[in-house]
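K.L.:
Please find one structure pasted underneath; my questions will follow.
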């Protein structure tokens, strides 16, 4: 992780120094896995797409939080949480470039009342299917 970015985020209170909490990391990973397992069972249609998108996004964000905790920090923003995932060496690393777009879509949903499309929900589900297990494996290897 870029040390200058970490320093700036510490100064801006987007990150806080935190003692590594292995149990919390495990809990975040387990929660992420459980959440996606349940959400993937929901039939995808125009009425469910927003719920599916938001919940898969939240699972990804939780994994980002787990990554920061591994490094001895706690993030206070989604931007910081997701940024930590970009450092991981996963098979489809290029897909991590979509994380900020997912964050913006989620913000539009939560704060502007927008609905996601079926295509957007499919996209984040595909991201999870391609990258989720690799991200989890990286975190678990670091424990």
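The values are calculated or read from the model by the stated rules, or taken from the named source; none is laboratory data. Remember, predicted model here, so these are calculated numbers, not experimental data. Positions of Cβ are backbone-derived with ideal geometry, glycine not excepted, and every protein chain shown enters the neighbour counts.
K.L.:
Going residue by residue through the stretch 50-58, is there one that turns out to be in a loop (DSSP other than H, G, I, E, B) and more than 19 Å from residue 133 (Cβ to Cβ)?
P.N.:
The initial filter retains those residues of the stretch 50-58 that are in a loop (DSSP other than H, G, I, E, B), namely none.
No; the residues of the stretch 50-58 include none that is in a loop (DSSP other than H, G, I, E, B) and more than 19 Å from residue 133 (Cβ to Cβ).
K.L.:
Out of the stretch 1-25, which residues are over 15 Å from the mean Cα position of the chain (by Cα) and part of a helix (DSSP H, G or I)? Break it down stepwise before answering.
P.N.:
First, pick out the residues of the stretch 1-25 that are over 15 Å from the mean Cα position of the chain (by Cα): 1-24.
Within the stretch 1-25, 3, 4, 5, 6, 7, 8, 9, 10, 11, 22, 23, 24 meet the criteria.
K.L.:
Here is a follow-up. Tally time: how many residues in the stretch 26-49 are part of a helix (DSSP H, G or I) and closer than 24 Å to residue 66 by Cβ?
P.N.:
Taking the stretch 26-49 as the starting set, the residues that turn out to be part of a helix (DSSP H, G or I) are 26-39, 49.
Subset that is closer than 24 Å to residue 66 by Cβ: 26-39.
Looking only at that region, the number is 14.
K.L.:
With respect to residue 27, determine if the residue is surrounded by fewer than 15 Cβ atoms within 10 Å (Cβ to Cβ) and either over 19 Å from residue 140 (Cβ atoms) or at pLDDT 95 or above (or both). I'd like the intermediate steps shown before the answer.
P.N.:
Values: surrounded by fewer than 15 Cβ atoms within 10 Å (Cβ to Cβ): yes; either over 19 Å from residue 140 (Cβ atoms) or at pLDDT 95 or above (or both): yes.
Considered against the rule, which asks whether it is surrounded by fewer than 15 Cβ atoms within 10 Å (Cβ to Cβ) and either over 19 Å from residue 140 (Cβ atoms) or at pLDDT 95 or above (or both), residue 27 comes out as yes.
K.L.:
Under 6 Å by Cβ, and 6 or more places apart or on different chains, what pairs join a residue from the stretch 82-93 that is in contact (Cβ under 8 Å) with a residue 60 or more places away in the chain with one that is assigned to a helix (DSSP H, G or I) and surrounded by 14 or more Cβ atoms within 10 Å (Cβ to Cβ)?
P.N.:
The qualifying pairs are 84/64; 84/67; 84/68.
K.L.:
Being part of a helix (DSSP H, G or I) and out of contact with any helix residue (DSSP H, G or I) (no Cβ under 6 Å at 6 or more places or on another chain) is the filter here, so list the residues in the stretch 64-95 that pass it.
P.N.:
Initially, the stretch 64-95 is screened for residues part of a helix (DSSP H, G or I), giving 64-70, 78-85, 93-95.
Across the stretch 64-95, the qualifying residues are 79, 83, 93, 94.
K.L.:
On the given criteria, is residue 121 in contact (Cβ under 8 Å) with a residue 12 or more places away in the chain, in a helix (DSSP H, G or I), touching a helix residue (DSSP H, G or I) at 6+ places or on another chain (Cβ under 6 Å) and farther than 19 Å from residue 1 by Cβ? Let's see the steps before the verdict.
P.N.:
Values: in contact (Cβ under 8 Å) with a residue 12 or more places away in the chain: yes; in a helix (DSSP H, G or I): yes; touching a helix residue (DSSP H, G or I) at 6+ places or on another chain (Cβ under 6 Å): yes; farther than 19 Å from residue 1 by Cβ: yes.
Answer is yes for this residue.
K.L.:
Could you list all residues from the stretch 29-52 that are under 18 Å from residue 85 (Cα atoms) and in contact (Cβ under 8 Å) with a residue 12 or more places away in the chain? Steps first, answer last, please.
P.N.:
Just the residues of the stretch 29-52 that are under 18 Å from residue 85 (Cα atoms), to begin with: 29-33, 36.
Selection gives 29, 31, 32, 33, 36.
Yes/no per residue for (1) farther than 18 Å from residue 29 by Cβ; (2) at pLDDT 95 or above; (3) surrounded by fewer than 19 Cβ atoms within 10 Å (Cβ to Cβ):
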{"site": "60", "(1), (2), (3)": "no, yes, no"}
{"site": "67", "(1), (2), (3)": "no, yes, no"}
{"site": "95", "(1), (2), (3)": "yes, yes, yes"}
{"site": "107", "(1), (2), (3)": "yes, yes, yes"}
{"site": "112", "(1), (2), (3)": "yes, yes, yes"}
{"site": "116", "(1), (2), (3)": "yes, yes, no"}
{"site": "119", "(1), (2), (3)": "yes, yes, yes"}
{"site": "132", "(1), (2), (3)": "no, yes, no"}
{"site": "140", "(1), (2), (3)": "no, yes, yes"}
